Amino acid sequence: MSSGIETSAVKSWVGAHLVGGVRVEDGVLLEKVNPARPGTVLGRFPVAGQETVERAVMSAHGRLAAWRETGPIARADLLHGLAALMERDRAELAALITTEHGKTSAEAAAEVARSIEIVRFAAGMGRRLGGRTLPSDSPNTWSSTSRHPIGVVALITPWNFPLAIPVWKLAPALVAGCTVVIKPSPLAPFTAQRLVELAHEAGVPREVVNLVHGGGEAGTALVEHPLVRGVSFTGSVEVGRHVQTVAAASFTRTQLELGGKNAVLVLPDADLTKAADAIAHGAFGQAGQRCSATSRAIIHEDVFDEMVQLLAVRAGALRVGPPDDPGTDLGPLINDTSLKRCLDAVADAVRDGARLRAGGTAVETEDGGYFMAPTVITDVAADAALATTEIFGPVLVALRCRDFDEALAINNSVRYGMSATLFTGSLKLIGRFLAEAEAGMLHVNRPGVGAFPHMPHIGTKESQAGPAECSDDAFEFFTELRTATIGVG
Ligand code: NAD
């Protein structure tokens, strides 16, 4: 396997909250199983109640002033150290992601590599976190702005990028001078815990980064806490709306990265082979469990049948199986609930007249994992549930359109706006697409997925609320501006 470490060598985890670096094991214990082999328990972890959340926030708050005084350059140096430790433990981290999440070894290795790049990018920002010098109305007066950390922040993360998402919140938060309580998803608790341990090993003061395990109760307790000044949340629209509502009561700043129902538009002049490869990659990579996953292909009627055929062939050729097997293309879904949701959504659509062109079923394996065959489905109305609701699995709906205008209208008809992609050679239509497609991340003639350390990770409509993640824009959320007007005459 490409990560260079056997997933069977991943140690059995005894999870713990990390409060000021001290392991706290209070709370009901939950089990985490390997989704490819649900009979294998990876470890147990406690669920935080109010009291543990309180201790974690107080730990972060107690260290805030000292951390702020450390200054961004010294803080960034510690992050360079974290990147070096992640390099050292590259194989271990990838194996942990594969066993915890079920993504293939290649996908897990890519997530680790990208996470290291994100830490390095944020560390580089330590020397660039400046303000502006502005003209003044008065003579002999200097006017300027400067950036200051907002305070204690809660980072609430999903399970589908168990390293990259905690990293892309944590790294800018630390460089900005915030202190942190992370709450990872209970479906992926250990990778985030390992990240926090590495941050401590790199020399980040233990009270600066705290971690609590748990679900909705711990999450809500963090959002409600009066000393938490910002909540960076990634997850579903429904939970994001709850977070926003709770935070509004105390004007707590939020950054919400939410779901998607992303489309690829294919016009007749497109390179169809390239488009089919890109759609298959976007729809079935990580078993479709990405916020930017391609879940709708909106195809011009002149090339519809040919494209569907190309997509069905690609879906049928993908190997579903153990994610640590180098020959595997698609690992399992995260749990049985997720598998059932995807299968039910497909079955409902078929009952309503949809046609399966590939997949649509669970894939049985010896170890009983939560596998689903890559699925291509047609004869679905553009406003049907399967074509408008995030499924979060390897399910692609192919929709027919008459022309670019109709493709664009279908793209824009959903409540989400994460990513959108166009395949065409027409510069004029590319221009219109970039101006009129309702999505935060636009792609042309390439796959509709990908996060880059230096590019904002951003959606629109119900896919995102608040400042972008990644890039220098990430510092918008973790810092606040102050102005200074200084008379020198
Ligand atoms: P989720 O909304 O179920 O959970 C996300 C996090 O919120 C978890 O840590 C969870 O424990 C916590 N949580 C649950 N209830 C809470 C509450 N009441 N208060 C506070 N926190 C609470 O999402 P998930 O299933 O973990 O992740 C999948 C979703 O995340 C999908 O919708 C996907 O599109 C989205 N996602 C978005 C992005 C992005 O960048 N936009 C990236 C990855 C995933």
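The values are calculated or read from the model by the stated rules, or taken from the named source; none is laboratory data. Note that the structure is a prediction, hence the values are computed from the model and not measured. Reconstructed Cβ throughout: ideal geometry from the backbone, glycine too, with neighbour counts over all protein chains shown. Ligands, DNA and RNA are excluded from the accessible area calculation, which covers all protein heavy atoms including side chains. Shrake-Rupley method; radii C 1.70, N 1.55, O 1.52, S 1.80 Å.
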Seminar exercise, completed: Here the percent of antiparallel bridges among DSSP beta bridges lying wholly in the range 117-244, to the nearest 5, is 15
For this session: Could you list which residues have their amide H under 5 Å from that of Gly15, counting only those 5 or more apart in sequence or on another chain, with H placed in the peptide plane?
Result: Arg44, Phe45
Problem set entry | J(HN,Hα) series, the range 424-429, from Karplus relation 6.51 cos²θ - 1.76 cosθ + 1.60, nearest Hz, glycine and proline x | 6, x, 7, 5, 5, 6
Exercise. Among the DSSP beta bridges whose two residues both lie in the chain, what percent are antiparallel, rounded to the nearest 5?
Worked result: 40
For this session: Exposed loop trypsin sites (Lys or Arg not before Pro) only (DSSP loop, at most 15 other Cβ atoms within 10 Å): please give the longest stretch of the chain free of them, not including the sites.
Result: 133-318
Exercise. Rounded to the nearest 500 deg cm²/dmol, what is the calculated helix-only ellipticity per residue at 222 nm for the chain, with -39500 (n - 2.57) per DSSP H run of length n ≥ 4?
Worked result: -12000 deg cm²/dmol
Problem set entry | the range 251-317: chymotrypsin sites (Phe, Trp or Tyr not before Pro) in DSSP coil with no more than 15 other Cβ atoms inside 10 Å | Phe251
Exercise. Cα-based Rg (one decimal) and Dmax (whole number) for the chain, in Å?
Worked result: 23.1, 81
Exercise. Taking every DSSP beta bridge that has both residues in the range 262-452, what percent is antiparallel when rounded to the nearest 5?
Worked result: 20
For this session: Counting only heavy atoms of the protein chains, get the accessible area per residue of the chain (1.4 Å probe) and round it to a whole Å² value.
Result: 38
Exercise. To the nearest 10 square angstrom, how much accessible area does Met418 have with a 1.4 angstrom probe?
Worked result: 0
Seminar exercise, completed: Set Lys183/Lys274; Lys32/Lys340; Lys103/Lys169; Lys169/Lys461; Lys428/Lys461, cut-off 29 Å on Cα-Cα distance; pairs above it are Lys183/Lys274
Exercise. So which aspartates and glutamates can Lys261 reach, going by Cα to Cα under 13 Å and dropping same-chain residues fewer than 8 places off?
Worked result: Asp383, Glu390, Glu438, Glu462
Exercise. Name the chymotrypsin sites (Phe, Trp or Tyr not before Pro) in the range 59-154 that are in a loop by DSSP and that have at most 16 other C-beta atoms within 10 Å, would you?
Worked result: none
Exercise. Roughly how big is the range 262-452's charge dipole about its Cα centre, with Cβ charges of +1 (Lys, Arg) and -1 (Asp, Glu), in debye to the nearest 20?
Worked result: 300
Problem set entry | Selected from Ala83, Gly327, Ser413, residue furthest toward positive end of dipole (the chain; charges at beta carbon) | Ala83
For this session: Please report, in debye to the nearest 20, how large the charge dipole of the range 16-143 is about its Cα centre when each Lys and Arg carries +1 at its beta carbon and each Asp and Glu carries -1 there.
Result: 300
For this session: Note down the accessible area of Ser419, probe 1.4 Å, to the nearest 10 Å².
Result: 10
For this session: Take the alpha carbon atoms of the range 436-455, find their center, do the same for the range 45-94, and report the distance between the two centers in whole angstrom.
Result: 30
Problem set entry | Euclidean distance between Cα centres, the range 231-275 to the range 136-192, Å | 19
Problem set entry | Sulfur and carbon atoms: percent of accessible area, the range 126-229 [1.4 Å] | 50
